[in-house]
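One structure is given below, encoded as C-alpha cells.
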Amino acid sequence: MTHRLNLIYKKLYSFFGPQHWWPAESSFEVIVGAILTQNTSWQNAERAIANLGKRKLLNPHKLYRLSDKRLASLIMPAGYYNIKARRLKNFLIFLFKSYKGKLKNMSLRDTQELRQELLSVNGIGPETADSILLYALDKAVFVVDAYTQRVLLRHRLIRNNASYDEIQNLFMENLKNKVKLFKEYHALLVRLGKEFCLKGRPKCEVCPLDT
C-alpha cells in the first residue's frame, strides 16, 4: 500500500505540479474558508471571504464582535449563510473561551487533543477540523474529502463503505507524516477529482493515474 500511495503521488505531482493550496493571507483566513466552503464550491466561499476582507474583518476579534445578522449578510455568497454565520461564531466562542482568542495558543495544543476539541464545536466535522489542523496550524493530519474517497474507491484502494477514519489512516499509516506532503497530496487529489475523476462522467481514458 505504501508503494501504491507513493506512486499515485508521484504521478499526480509530475502531471499537475505543486498546487500552492490553501490560498489565504493568514491562518485565520484558512479557518474561515474551511467553514464557509462546507456544502458549496470554493468559488462561492472565496466571494464571501472577499466580502470580509474588503471590510478588514478577517480577524478573530473583529469577527467575534460582529453581530450574527451582519456576518450572515456578508457571507451570503457561500450559501446557508445563517447556518455558517452561527458556525463561525461557534468556533470563535471556542477560540476565545479556550485559547484567549489566539491561534498561536491553540497551535501549541497536542494535535489529537485539539482535534477532539474542534470536533466538539457545533458545525465542525472531521473534514473541517482536519483542514484547520493541516492548513491553518501546520499539524500533520491528512484531510479526507469526497474527491479523495472517489479516487481511492475507483482505484480499488478502499471499500465502498470505508469510513472517514479508515481512509485517513490509510494515508497516515503508509506515508511519512509530513505537513508539506499531506498538503500537497490532498490538493493534488482534489485537482484530479475536479478535472478527471468526475462524479458523473469520469475521464478514465486520459486520467494521469492510468497513463
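All of the numbers you see were taken from the coordinates with simple rules; none came from a lab. Just so you know, these numbers come straight off a predicted model, no measurement behind them. FYI the Cβ positions are ideal-geometry reconstructions off the backbone, even for glycines, and counts take in every protein chain you see.
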Q | Efficiency of FRET from Cβ geometry, W21 and N59, R₀ 25 Å, rounded to 0.05 | A | 0.65
Q: Run the numbers on segment 28-106 and let me know its relative contact order in percent, using alpha-carbon pairs under 8 Å that are six or more apart.
A: 30
Q) What is the calculated FRET efficiency for R86 to T211, with r their C-beta to C-beta distance and R₀ = 45 Å, to the nearest 0.05? A) 0.50
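If R₀ is 22 angstrom, what is the calculated FRET efficiency for the pair N174 and Q112, using the beta carbon separation as r and rounding to 0.05?
Values: r = 19 Å, r/R0 = 0.86.
So, using R0 = 22 Å, E works out to roughly 0.70.
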Q: Return P(r) of segment 27-136 (all Cα-Cα pairs; 10 Å bins starting at 0; whole %; ordered from short to long distances).
A: 15, 53, 29, 3
Q.
Just to be sure I understand: if I project the alpha-carbon convex hull of segment 169-211 onto a plane and average over all orientations, what area do I get in nm²?
A. 3.7
Q) Given q = 0.09, 0.15 Å⁻¹, what are the Debye log10 I(q)/I(0) values for the chain, with equal point scatterers placed on the Cα positions and solvent ignored? A) -0.37, -0.98
Q.
Between helix 2-16 and the chain, what is the angle of the helix's C-alpha long axis to the longest principal axis, kept within 0 to 90° and rounded to the nearest 10?
A. 70
Q) To the nearest µm²/s, what D does Stokes-Einstein give for segment 114-168 at 4 °C and 1.567 mPa s, using the Kirkwood radius over alpha carbon pairs as Rh? A) 109
Q) How do C197, C204 rank when sorted from fewest to most other Cβ atoms within 10 Å of their own Cβ? A) C204, C197
(Q) Over the chain, with a Gaussian network built from C-alpha contacts below 10 Å, which listed residue (K89, K54, K104) shows the highest mean-square fluctuation? (A) K54
Q | Neighbour-limited loop hits for trypsin sites (Lys or Arg not before Pro), segment 161-208 (at most 14 other Cβ within 10 Å; DSSP other than H, G, I, E, B) | A | K176, K178, K199, K203
Q. What 222 nm value per residue comes from the helices of the chain, counting each DSSP H run with n ≥ 4 as -39,500 (n - 2.57) and dividing by all residues, nearest 500 deg cm²/dmol?
A. -18000 deg cm²/dmol
Q: Let me know the charge dipole size of the chain about its Cα centre in debye, to the nearest 20, where only the beta-carbon of Lys, Arg (+1) and Asp, Glu (-1) is charged.
A: 640
Q.
I want the local charge near V179. Using Cβ-Cβ distances under 14 Å, sum +1 for each Lys or Arg and -1 for each Asp or Glu among the other residues.
A. +2
Q: Averaging sequence separations of C-alpha pairs under 8 Å and six or more residues apart, then dividing by the length of the chain, give the relative contact order as a whole percent.
A: 24
Q.
Explain nothing, just compute: Karplus ³J(HN,Hα) = 6.51 cos²θ - 1.76 cosθ + 1.60, θ = phi - 60°, for every residue of segment 114-125 in order, whole Hz, x for Gly and Pro.
A. 5, 4, 5, 5, 5, 5, 7, 7, 4, x, 10, x
